[in-house]
Amino acid sequence: MIGLIIVLNIVIGLGFLLWFGLKRSTIAQRSKRFFRIITSLIIIVVTFVTILAVAYYFENQAPSEPEITYGEFPFRLEYEIDGERFVIEDIVIAEFEGSFRGNVTTRPSRRWSTTLSHSERWENLSVGTRHTFLLKEFGDVRITFQPGEARYFLGDLTIADGVPVVGGDPRVVIRIRNHTPLYTRVRVEDAHALLAEHGIILISWEYTPPIENVFR
C-alpha cells in the first residue's frame, strides 16, 4: 500500500508541475483554447496512470496463506530389476515459506520448500527443481521416480488466480530421447504395466496422501 501511495503522489505531482509550467508559459497565456486542451490531456493521462496503478496493486496481492504450514509425508518404493530388489524409503518434509506479491515479471505465488529427511543416503538422487531418483537408464530411455512436492502434500492445488496446479504429485517419469524429448508420467495405478515394459517389476509403491488445507 505504501508503494502505491508513493507512485500516485509522484504521478499527481508530475502532472501538477507540468500543468503549472504550461500555465505560466507564453503559449498558454496567448491561447486559452490551447491551455484547456493541454489541461484536459494532463488530467486524462494522470487519471489513466492512477487507474492502472490501482488495478495493478490489487491484481498482484499476495495469495492467502495456509493454516497448516508444515508436514512430514513418508513414502516407500520397492522394485526389481534383473532379479535384484531395490527399496527407496524416506520422508518428504514439506514447509510453507511465504506468500509473495507479483511484480512486472512474476505472478503472485506461494513459496514452498521440499526436502527429504535422509537425502544424503541416496546415491541415485538428484536435486534440482524437484527431487528425482534414477531407477534405470539404458540407450535413449531414462526412468526416474519423483516422490512429490511440498505444495501438493500441503494441499496447495491452485495458484493465485484459481487455476489448477499441474504436477507436484508422486510419479514415475519415463523419458525417451528421439530427436525431441518425450515424457511419459505415470501414477501408482498405471505404473505396473508401463514399468514392466522397460524391465522393471514394481513390487510396491506407498506414499502418504496430501492433506486438506485451508487458505486464509
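Rule-based calculations on the coordinates, nothing more; no lab input. Everything quoted here is computed from the prediction, not taken from an experiment. Here the Cβ is made from the backbone with ideal geometry for all residues, glycine too, and neighbour counts use every protein chain on show.
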Phi to ³J(HN,Hα) by Karplus 6.51 cos²θ - 1.76 cosθ + 1.60 over the range 137-147, Hz, x for Gly, Pro = 9, 8, x, 9, 9, 10, 10, 10, 10, 10, x
Charge sum, other residues only, whose C-beta stays under 11 Å from PRO74's C-beta, Lys/Arg counted +1 and Asp/Glu -1 = -3
With labels modelled as points extended 7 Å from the Cα through the Cβ direction, what inter-label distance (nm, one decimal) is found for GLU123 paired with GLU80?
-> 2.3 nm
Using a cut-off of 15 Å between beta-carbons, work out the net charge of the residues near ASP90 (Lys and Arg +1, Asp and Glu -1, ASP90 not included).
-> -4
